[in-house]
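> Got a structure for you, written out below as structure tokens; questions coming shortly.
None of the figures in this text is laboratory data; all of them are computed from the coordinates on show. In this text, all values refer to a predicted model and were calculated from it rather than measured experimentally. All Cβ positions, even for glycine, are placed from backbone atoms using ideal geometry, and neighbour counts span all protein chains on display.
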Amino acid sequence: MLRLSIRLQLAHRRRTVLSVAALLLGVATVVVMSAVAQGAERRVIERIRAMGTDLLVIQAAPAPVVAGRARQRTTVTTLRPQDADIIASGSALARVAAPAVVRSTVARSGGRNSPTTLLGTTSDGLRIQGITAQAGRVFDAAEERELRRVAVLGATVARNLFGDASPVGETVLIGRIPLEVIGVMRRRGTDVGGSDLDNTVALPLTTAMRRVLNVPFIDALFVQARSVRDLDQLEREARDLLAQRHRSRSGLPMEFVVRNQAVLLRTERGATAALRGLTLGAGALSLVVGAVGIVAVMLLSVRERVGEIALRRAVGARLTDIRLQFVLESTLLAGAGGAAGVLAGLATAGLTALLGPWDLVPPWTAALVGLGCSVAMGLVVGVIPAVRAARLDPAVGLRRG
Amino acid sequence: MPDVIAVEHLAKSYRKGAIITEVLKDVSFTVHAGEFVAIMGASGSGKSTLLNLLGFLDRPDRGTYRFEGADLTGADDATLSTVRNQRIGFVFQQFHLLERTSALDNVMLPLLYAEADVADGAARARRALALVGLEPRADHEPGELSGGEQQRVAIARALINDPVLILADEPTGSLDAKSGAGVLELLRSLADSGRAIILVTHDRVVAERADRILVIADGRIASGGPVSTKP
């Protein structure tokens, strides 16, 4: 019966192609959109994960008004290196806390300049941020204690200053301070905001604070939780600890800005979920349009084939056989349309990924779901022409056909 | 010879809007195995309606229909479909062959609906085609065959399940005289081999090839009447 159904559909190629065109385009669109959505989601999540999802980044909020006057300076001096120890020892939920100074600067070497970001932190701070050495090594706690003039270059800075040559052992200047390059970082890509994480020069916190910047305060605290689940509670505890320690002149607790990576991840996931919802909506709409096309063509087919249906009844087809045949044909049509759509979508996504700067994920799930939904839709909507075909009076069909 | 068909007081009417047309009012007759019966009547007399009732393609309003001794008047669709598939062969004026489908596959169509899988379906279809002299054209599609050949393919299809009854509705109506004569010859030989043949025609020359002629008029058998033995 299946072979005969396929042959009958092939006998009306143009009509068959037209009937599945909408479904084909719809499924192909969903497959491509899924590839884009999954690609975007993967990119964002990878960036957040690169920074660590169990991480709090705490900064002191700039006070907009001081003594009744609008504050001009944006540098906030509230946080001190000791705050890291207070949080690490004050909250059982914190695995480790690392202070950091982060400034824009220019690194120079051999007449070349490279605008970059200076990151002064502890060896724990490096680890928390996933900074490891690609070449050479990173600094250790001893170098930190001894205010050693050492630096680890991000790959972008290393290329800008030294080209393809190895910078390990060379000297770079930050401001007027010469620093020995002891390592080059493994590439980290970009952060959620798109900033180049490889355009960074990392120094020991003490070296950065006392030798380069000459400041007693830090810009940020990186606090790593023992578990991602504890992150929200850790944020509350860290805020409390800092509020007790830092009070404004008026006696009110200072404000802090806390970037909770888990919240960021949730937010980003929410955004990509919206995109996924949009894809699902487009998919559902295309299925409906495809279903309408298939029902229309199958009803037309029933009208054209009254003679054939009557003949089948005459040679022994039961009403169930007639219904089954039309459901089978509708399922076959929808399945073929869905499969063609999946192939077209995968081919388009593959070509786009090859030719363009798109980060696409092969949408296997969307492909499977698209195909499955197409087949299921064919099965369901096939009932309409099937019932219509089974209702035909064979005596009338034989006279007409 | 046992009765293949025994109908008593069959009646059938059609409703179109408020108008009810009583096509068959009271039809009774029997047909036994090996008998070739022609049904004649004016246009609209109910010949085809009777043939549809005899082939279980329609149900009578009243009366009883015994097929091979069993009363199938109120049988369900599955039972009647099995009877059509296994015990009855149909031949139509317009052949009703599937387009773009080989003669062999057309002949095999009833096997699709056989209750048991038929392993030697293709061989059986070739034997049926050989019986009507068309085995060499088994792979030809209807469009590549003459009218007479197409009707022979339809007869082969009717024969594939070795039925006891063949119902032929104007089987020579679309054929030239020579092809028509060949088809009638074939039907005659099928009757001689023990099958009951009921042929509907408005052509007296065609009807005279049968053993018996039933004439329908005013919804009843006007002449011919019920018979129990072959004349």
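> How large is the dipole of chain B about the Cα centre if only Lys and Arg carry +1 and Asp and Glu carry -1, each at its Cβ, rounded to the nearest 20 debye?
440 debye
> Something else now. With a point put 7 Å past each Cα toward its Cβ, work out how far B:His9 is from B:Ala70 in nm, to one decimal.
Inter-label distance under the simple model: 2.4 nm.
> What aspartates and glutamates does B:Lys178 reach when the alpha-carbon gap must be under 12 Å and sequence neighbours fewer than 8 apart in one chain are set aside?
Excluding near neighbours in sequence, the set is B:Glu149.
> Quick check: the distance between the Cα centres of segment A:13-49 and segment A:170-189, to the nearest angstrom?
45 Å
> For B:52-64, what's the mean count of beta carbons from other chains sitting within 10 Å of each residue's beta carbon?
2
> Related question: Can you find, among A:Gly270, B:Ala33, A:Ala349, the residue sitting farthest towards the positive end of the charge dipole of the protein assembly as shown, where Lys and Arg contribute +1 and Asp and Glu -1 at Cβ?
Among A:Gly270, B:Ala33, A:Ala349, the one farthest towards the positive end of the dipole of the protein assembly as shown is A:Gly270.
> Peptides B:149-156, A:316-323: what's the order by average Cβ count within 10 Å, highest mean first?
B:149-156, A:316-323
> Give me the log10 of I(q) over I(0) for segment A:62-254 at q = 0.08, 0.10, 0.15 Å⁻¹, as the Debye formula computes it from C-alpha points; what are the numbers?
Reported log10 I(q)/I(0), two decimals: -0.29, -0.45, -0.94.
> Can you give me the pair-distance distribution of segment B:50-189, C-alpha pairs, 10 Å bins, whole percents?
With a bin width of 10 Å, the distribution comes to 12, 41, 33, 13, 1.
> Please give the helix B:147-159 orientation as an angle from the longest Cα principal axis of chain B, in degrees from 0 to 90, rounded to the nearest 10.
The angle comes out near 80 degrees.
> Which whole number in µm²/s is D for segment A:242-401 by Stokes-Einstein, with the Kirkwood Rh taken over Cα pairs at 10 °C and 1.306 mPa s?
79 µm²/s
> Now, a different point. State, as an integer percentage, the relative contact order of chain B based on alpha-carbon contacts under 8 Å between residues 6 or more apart.
31 percent
> Amide H to amide H under 5 Å from A:Arg137: which residues, 5+ apart in sequence or cross-chain, H placed 1.01 Å off N in plane?
A:Gly183, A:Val184
> What ³J(HN,Hα) values, in whole Hz, does the Karplus curve 6.51 cos²θ - 1.76 cosθ + 1.60 give for segment B:210-223 when θ = phi - 60°, with x put for Gly and Pro?
Each residue's phi maps through the Karplus curve to give 7, 7, 8, 10, 9, 9, 9, 8, 6, x, 9, 6, 7, 8 Hz.
> Hey, what do the phi angles of segment A:302-307 turn into as Karplus ³J(HN,Hα) couplings, whole Hz, using 6.51/-1.76/1.60 and θ = phi - 60°, x for Gly and Pro?
Result, ordered by residue: 4, 5, 6, 10, 4, x Hz.
> Turning to a different aspect of this structure: Which shape class applies to segment B:159-219: rounded if a/c is under 1.5, otherwise prolate when a/b exceeds b/c and oblate if not, where a ≥ b ≥ c are the square roots of the Cα gyration tensor eigenvalues?
The shape class here is oblate.
> Moving to a separate point now. Computed from the mean reciprocal separation of all distinct C-alpha pairs, what Kirkwood hydrodynamic radius does chain A have, in Å?
The Cα-based Kirkwood calculation yields 26.2 Å.
> Measuring from centroid to centroid over Cα atoms, what is the spacing of segment B:156-214 and segment B:130-149 in Å?
Each part reduced to its Cα centre gives a spacing of 18 Å.
> Pull up all non-local amide H partners of A:Asn199: gap of 5 or more, or a different chain, and H-to-H distance under 5 Å with H placed in the peptide plane.
Result for A:Asn199 returns A:Thr156.
> Determine how many Å³ per residue the convex hull of the Cα atoms of segment B:45-95 encloses.
92 Å³
> Give the Debye-formula value of log10 I(q)/I(0) at each listed q (0.17, 0.19, 0.21 Å⁻¹), with one equal scatterer per alpha carbon of segment B:1-128, two decimals each.
Each listed q corresponds, in turn, to -1.05, -1.20, -1.31.
> Moving on to the next point. Mind checking the angle between helix A:319-355 and chain A's longest principal axis? C-alpha axes, 0 to 90 degrees, to the nearest 10.
The helix A:319-355 is inclined about 30 degrees to chain A.
> May I pose another question? On C-alpha positions alone, give me the angle between the axis of helix A:364-381 and the longest principal axis of chain A, in degrees, nearest 10.
The answer is roughly 30 degrees.
> Cα centroid distance between segment B:49-100 and segment A:338-382, in Å?
What the calculation gives is 48 Å, centre to centre.
> Per residue of chain A, what 222 nm ellipticity follows from adding -39500 (n - 2.57) for every DSSP H run with n ≥ 4, rounded to the nearest 500?
Rounded to the nearest 500, it is -18000 deg cm²/dmol.
> Right, another one. Taking beta carbons within 10 Å but only from partner chains, what does the mean come to for residues A:317-324?
The per-residue average across the peptide is 4.
> For the peptides A:153-165, B:57-69, what is the packing order when you average, over each peptide's residues, the other Cβ atoms within 10 Å and list the highest mean first?
Ranking, from highest mean packing down: A:153-165, B:57-69.
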